[in-house]
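Heads up, the thing below is written out as structure tokens.
The values are calculated or read from the model by the stated rules, or taken from the named source; none is laboratory data. All figures in this text were calculated on a predicted structure; none of them were measured in a lab. Counting neighbours? That spans all protein chains shown, and the Cβs are built from the backbone with ideal geometry, glycine included. Only protein heavy atoms, including side chains, enter the accessible area calculation; ligands, DNA and RNA are left aside. Shrake-Rupley method; radii C 1.70, N 1.55, O 1.52, S 1.80 Å.
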Amino acid sequence: MKVPLSWLSEFIELEIGPEEIAEILTMGGVEVEAIEDPYQSLGELISVKILEILEPQELKDLVLCKVTDGKETFTVLTTAKEQVKLDLIIGLAKPGSMTFTFEKVEIKNIKDYKSYGMFLSPYEAGLGEEKDKLLILPQDSPVGESIYKILGISEKVLDLSITPNRGDLLSILGVARELNTLTSWKFKAPYFEDFLKEGEKFPGKIEILDKEGCFRYAGRFFRKVKIKESPFFVQKKLWLCGLKSINNIVDITNYVLLEFGQPLHAFDWEKIEEKIIKVRKAYPKERLLMLDGIERELEENDLVIADAKKAMVLAGIMGGEISGVSEKTENIFLESAWFNPKRIRKSSQRHKIVTESSYRFERNIDPEGVIYGLLRATELILKIAEPEGYSEIIDIYPKTFFPPQISLSKQKLTKFLGFSIPSEEVEEILNKIGWVKKTGYGFQVVPFSYRQDIKIPEDVIEEIARIYGYEKIPITFPKSSLYSPEISAQLKFEKKVKNLLKSLGFFEVITYSFIDLASLEKLNLAEDDLRLNFLEIANPLSITQSIMRTTLVPGLIETARFNFFREVNSLKIFEIGKVFFPTQNILAKELIHLGILIMGYANKEVWYEDLRKFDLYDLKGYLTSIFENLKIDIDFVPYSSEPFLKRGISFDLYLEDRKIGFAGEIKNLILKEFDLKTNVLIAEINLEPLLEKQKEIKKAYEVRKPPKYPSTFRDVTCILKKEIKIGEILDFIKILSIPYLEKVSCIKIYEGPPIPEDEKSITIRFWFRAQDKTLKDEDVNKIQKEVAEKIFKRFLAKPR
Amino acid sequence: MISEEIEKLEKEVWKDFQKIENLYHLEDFRIKYLGKKGKINWYLKQLKDFSLEEKKKLGSILNQIKEELETKLKLKEREILLKEEDKDIGLDLTLPGRIFPLGTLHPITKIIEELCEIFLKLGFEIITGPEIETEYYNFTALNIPDWHPARDMQATFYLKNGALLRTHTSPMQIRAMLERTPPLRIIAPGKVYRCDADIRHSPMFHQLEGLMVDKDVNFSDLKGILIYFAKETFGEIKVRFRPSYFPFTEPSLEMDIECVMCKGRGCKVCGNAGWLEILGAGMVHPEVFKSVNYDINMWQGFAFGLGIERIAMIKYGIDDIRIFFENHLIFLESFK
């Protein structure tokens, strides 16, 4: 909402400068976003000196002037042949600037000549009526300077951000009233002469058929108005508020809308069939060609202003093409109404039209403003459209609006604010927002008609606090009973996992919850995969963010790619976030997943080790560390069923009998489709079952004592077939129930000469320890020998 | 005289001892004086020809020298051995160490954790809830009916099934109040969504909601809590409170902090205002209490909501919100 201070000062005596006014409004709850000078915003409108005047024959009516702005010399074409003189200092709009008439100035080419800008008339500069004259500046003016600076002209316009509850502030008058409330500066209320209220008999008929949609409908007929251009003072005010001038009648409706906040609409009387004006619901599928040139299909909930035959206007939102005022219009009907804000809002949303008028109606207007707006418009029409006559005001107001009577006790006020304000001060404040009656317990307030936002005692409390000043309110701490709430197990668990991963060198990422369907499709999921049953956004910003993710994989891969293309060749990232699945209800099933991705090299190029790429054993190792720390047994079941992972380099992860995730290397082809040219390993785990499992864990730690007796180890080295898995051997050892065996692991695998090609050499180390004695060598040797023989026999291995 | 000779020997011994510089000297010295055929033993042997009294006297002097010498030699040997180890030129100390890099938590997570800690100290409970919401929880129950222009304040993503992505964490007020009986103190951090994207707006971002309901918490208390929060988060800093409007609070306010960049002088970051808007808050609107069946004559409370990214941007001097969700390694590494 733009408020020119010059216009504002017609209604209130401004005692201080723009910055201070802005501060008062902002601290009163009316945020001033900027203080603008529309003249400065036009761009480079500067003084130039004419150095040379040329009259090339082929340009006919045009002359070519060489001018200087003090820095450069350039050419400008003009039709004002008689007015340009050597050494004259005149106003010029440079290319890229804009004129008062909203014309964008550009470099123009005519024949072989170029015009770097446009000489200005006082009118184009927004300084006065004159259009045919050039803006000639005093001869001693500096060149290259802003013409407004030279002429000492500036207009300060406050750009206000009005909260949706304060429709009453969407006008110059409203802001003046508010300033008066906040400062007590002298308010100059509008005054109307009596003759404006009377008039000839109204030559038509008005009916409100939809009383729920229209609370008040008033209007007046004007005979033989002169449709023409508005005088400069009207145009300038509209321009200061960012509106274009159309013609005097349309301009007056806009003028009153800006000044009083009352939207008006002017009809061409001749276009009203049978001179009947009906406020009614639209007929189903009724069509209306509107001012923006679009024909829309209406529905019953839309409110229209119609004549005997057709809808003329979508009430409160936009006029019709046919019934509007044109240059040929002679007689007009001027409407001023109060429509139901909810109905206007819904129609405006339905048809996606927001206008100055609908914006105000949906934030509710002042019921009394309906008549004031009409009177103000009459005053202006008499002044600038010279009608031959006008009618009485027709005012159909089926149910008069009575503001609510709100009771506020002093006790409630004090309890709510936490401190007490003297009664006299409260009364003084309340007098600014309505009629006040003191009662035994406190106050009764009837808000002024324009304060439609004040309905309940809390609204009144806010007004008191606001006008009293938030800054003056004391600072205290709540008095409340002491209780210490539990920290949710889920948050604790998430934090633990995050910190584990951080310690393992992973970087946490946060990716968007919405993803691109195309990236999900690249995963090659089976048709019946649950992850393809996703929720779709009806109004996405872009197709790449249009479905709710059912897996963290696409987001992680996209993040890897973003990094890869920005010189990152080694990456360890994780994300903990929600995935979303549809349910029978409207709410989704939201599951918390952990995603882990490693990409490229496992280390940096350093002096102490060779560069190597991440492989599955890195991923498996990280996961093992995490699960060990969480004390949860997860099975790594070989050959994941995930179609985007390499079968031979992947696991499905199981908690007891339930699949909770997967880990593995992404297929090269899929990486290629993601445009990623490096190795990527990924794991995704549903954290909910892990959290449930963790809740079952009773003991925090299984504490073991340091050993009393020494351990001893023996190695078994043998050669066996390559395809035999180490895990199978270790599993076999497990079932042998070997006495004193404390630990067993594979410590060496060797393939290559002199071992035959289809075989490998392995070393398995056994640690033995007794709890009650030091083991004798011969006992251990005996056990060892038996074990070795069993292994050789079972796996057809040869000792080495 | 033998006793004079022994005196002379003692002086000689300590003089020689001073000259020991390495293990070879040390060994020579030991042989010379303490060896089987060493000087001390030689004198001890000589004593057999003396009187018992003299034997006793001189023997004890010699033994004393021997003992002291042995102790000192041990110390000397240790000293030399330790020094020996320093003689090695050692390693190239200019080479970097073997690095075991730690990762980092996302800056948004860090800020959320910091804020949670502040409110945990005040006894607030941390809760979380759904990101996909219904119109009812996100708007209607918060006194924002469908015809209300306040809906324009929050551009909403709708799902095709009619649900929506929550536009703020405020639905958690409703959920918390329905699940609990007052008094209550909660905070609810989490993701929220709005159809908006530029350098200041991300279609997904994070908020933290706060709510306190009790018999007597009031507007002055709200100021107290918010100032405490601001000081804990930004250190000693000027704050100001402006009246504002949210349909679910009445009275409502917005809190600004003095611009951290220009210290209130006005700069690009604060749009020359000298202040940065940090959060919105207010007293819980009676309509909100009505929608959760709380007795408005018994309970009153306040609520507040703040943007995590905004706080992160101010604290870390970040000017483009999108950088948080690009997750480039160099950016993430800065939060070590």
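Of the residues making up region B:153-174, those that are open to solvent by 10 Å² or more (accessible area, probe 1.4 Å) and small (G, A, S) are B:A155, B:G162.
Search region A:10-20 for residues being in contact (Cβ under 8 Å) with a residue 24 or more places away in the chain and either β-branched (V, I, T) or open to solvent by 20 Å² or more (accessible area, probe 1.4 Å) (or both), and hand back the single one that is farthest from the other protein chains (Cβ to nearest Cβ).
A:E10
Evaluating B:A303 against the criteria (1) facing another protein chain (nearest Cβ under 9 Å); (2) touching a residue at least 40 places away in the same chain (Cβ under 8 Å); (3) among the small types (G, A, S) leaves one unmet condition, (1). Of everything listed in (1) within 19 Å of A:D251 (Cβ to Cβ); (2) open to solvent by 70 Å² or more (accessible area, probe 1.4 Å), the single unmet condition for A:E299 is (1). Checking A:E44, A:E129 one by one, the residue that is under 25 Å from A:K236 (Cα atoms), at pLDDT 90 or above and among the charged types (D, E, K, R) is A:E44 and no other. Can you name the residue in region A:466-477 that is more than 7 Å from every other protein chain (Cβ to nearest Cβ) and in contact with a helix residue (DSSP H, G or I) (Cβ under 8 Å, 6 or more places away or on another chain) and, of all such residues, is surrounded by the fewest Cβ atoms within 10 Å (Cβ to Cβ)? Here the residue is A:G469. Scanning region A:356-402 for residues that are surrounded by fewer than 18 Cβ atoms within 10 Å (Cβ to Cβ) and either under 24 Å from A:K455 (Cα atoms) or among the polar types (S, T, N, Q) (or both) turns up A:E368, A:Y397, A:P398, A:K399, A:T400, A:F401, A:F402.
Among residues of region B:318-336 that are within 19 Å of B:L276 (Cβ to Cβ), those with a beta-carbon under 7 Å from a residue that is of a type in the set (D, E, K, R) and part of a helix (DSSP H, G or I) at least six positions away or on a different chain give the pairs B:I321/B:E309; B:F324/B:E309. So which residues in region B:255-264 are open to solvent by 10 Å² or more (accessible area, probe 1.4 Å), more than 14 Å from B:I227 (Cα to Cα) and in contact with a strand residue (DSSP E or B) (Cβ under 9 Å, 6 or more places away or on another chain)? Within region B:255-264, B:V260, B:M261, B:G264 qualify. Of all residues in region B:298-311, those being among the aliphatic types (A, V, I, L, M), part of a strand (DSSP E or B) and within 10 Å of B:L279 (Cα to Cα) number 1.
Only one entry in B:G190, B:G103, B:G97 is in contact with a Ser or Thr (Cβ under 6 Å, 6 or more places away or on another chain) and closer than 26 Å to A:S503 by Cβ, namely B:G190. Does B:G103 satisfy being surrounded by 20 or more Cβ atoms within 10 Å (Cβ to Cβ) and either in contact with a Cys (Cβ under 8 Å, 6 or more places away or on another chain) or within 11 Å of another protein chain (Cβ to nearest Cβ) (or both)? Yes: the conditions hold for B:G103.
Given the criteria surrounded by fewer than 21 Cβ atoms within 10 Å (Cβ to Cβ), in contact with a Phe, Trp or Tyr (Cβ under 8 Å, 6 or more places away or on another chain) and over 20 Å from B:V213 (Cα atoms), does A:V445 qualify? So A:V445 does not fit the description; no.
Listed here are the residues, each with its yes/no results for (1) open to solvent by 30 Å² or more (accessible area, probe 1.4 Å); (2) facing chain B (nearest Cβ under 7 Å); (3) under 19 Å from A:N165 (Cβ atoms); (4) assigned to a loop (DSSP other than H, G, I, E, B).
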site: A:K455; (1), (2), (3), (4): yes, no, yes, yes
site: A:V460; (1), (2), (3), (4): no, no, yes, no
site: A:I464; (1), (2), (3), (4): no, no, yes, no
site: A:K479; (1), (2), (3), (4): yes, yes, no, yes
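Cβ-Cβ distances below 8 Å connect the following pairs, each with a first residue in region B:120-145 that is closer than 25 Å to A:E536 by Cα, a second residue that is among the charged types (D, E, K, R) and open to solvent by 40 Å² or more (accessible area, probe 1.4 Å), and a separation of six or more residues or different chains: B:E135/B:D146; B:F139/B:D146; B:T140/B:D146.
Mind listing whichever residues of region B:265-279 are surrounded by 16 or more Cβ atoms within 10 Å (Cβ to Cβ) and either away from chain A (no Cβ under 11 Å) or of a type in the set (V, I, T) (or both)?
B:V269, B:C270, B:L276, B:I278, B:L279, listed by residue number.
Within region A:21-42, the set of residues being away from chain B (no Cβ under 14 Å) and without any contact (Cβ under 8 Å) to a residue 60 or more places away in the chain comprises A:S41 only. The criterion of at least 2 residues that are within 24 Å of A:K502 (Cβ to Cβ) and either touching a His at 6+ places or on another chain (Cβ under 6 Å) or not aliphatic (A, V, I, L, M) (or both) is met by the following strands (runs of 3 or more DSSP E) wholly inside region A:542-659: A:570-581, A:589-600.
Meeting the requirement of 2 or more residues that are more than 14 Å from every other protein chain (Cβ to nearest Cβ), at pLDDT 95 or above and within 25 Å of A:E273 (Cβ to Cβ), the helices (runs of 4 or more DSSP H) wholly within region A:321-391 are A:369-384.
If you go through region B:106-126 and keep only what is among the aliphatic types (A, V, I, L, M) and facing another protein chain (nearest Cβ under 7 Å), you end up with B:I108, B:I126. Can you work out which of the residues in region A:226-256 that are open to solvent by less than 10 Å² (accessible area, probe 1.4 Å) and among the aliphatic types (A, V, I, L, M) is nearest to A:R360 (Cα to Cα)? Residue satisfying both the conditions and the ranking: A:V256.
Could you give every pair whose Cβ atoms fall below 7 Å, whose first residue belongs to region B:15-34 and is over 13 Å from B:K72 (Cβ atoms), and whose second residue is surrounded by 13 or more Cβ atoms within 10 Å (Cβ to Cβ), counting only separations of at least 6 or pairs across chains? Taking only residues 6 or more apart or on different chains, the pairs are B:K19/B:H25; B:N22/B:I80; B:L23/B:I80; B:I31/B:G38; B:K32/B:G38; B:K32/B:K39. Here is the figure for region B:187-222: residues that are under 18 Å from A:I473 (Cα atoms) and either surrounded by fewer than 22 Cβ atoms within 10 Å (Cβ to Cβ) or out of contact with any Leu (no Cβ under 8 Å at 6 or more places or on another chain) (or both) total 4.
Of the strands (runs of 3 or more DSSP E) lying entirely inside region A:65-137, the ones with 1 or more residues being without any contact (Cβ under 8 Å) to a residue 12 or more places away in the chain are found at A:108-110.
Filtered by the rule that a residue be aromatic (F, W, Y) and either more than 12 Å from chain B (Cβ to nearest Cβ) or in contact with a Gly (Cβ under 8 Å, 6 or more places away or on another chain) (or both), region A:494-544 gives A:F506, A:F507, A:Y512. For region B:312-329, a residue qualifies if it is within 12 Å of chain A (Cβ to nearest Cβ), open to solvent by less than 40 Å² (accessible area, probe 1.4 Å), part of a helix (DSSP H, G or I) and not small (G, A, S), and the qualifying residues are B:F324, B:F325, B:L329.
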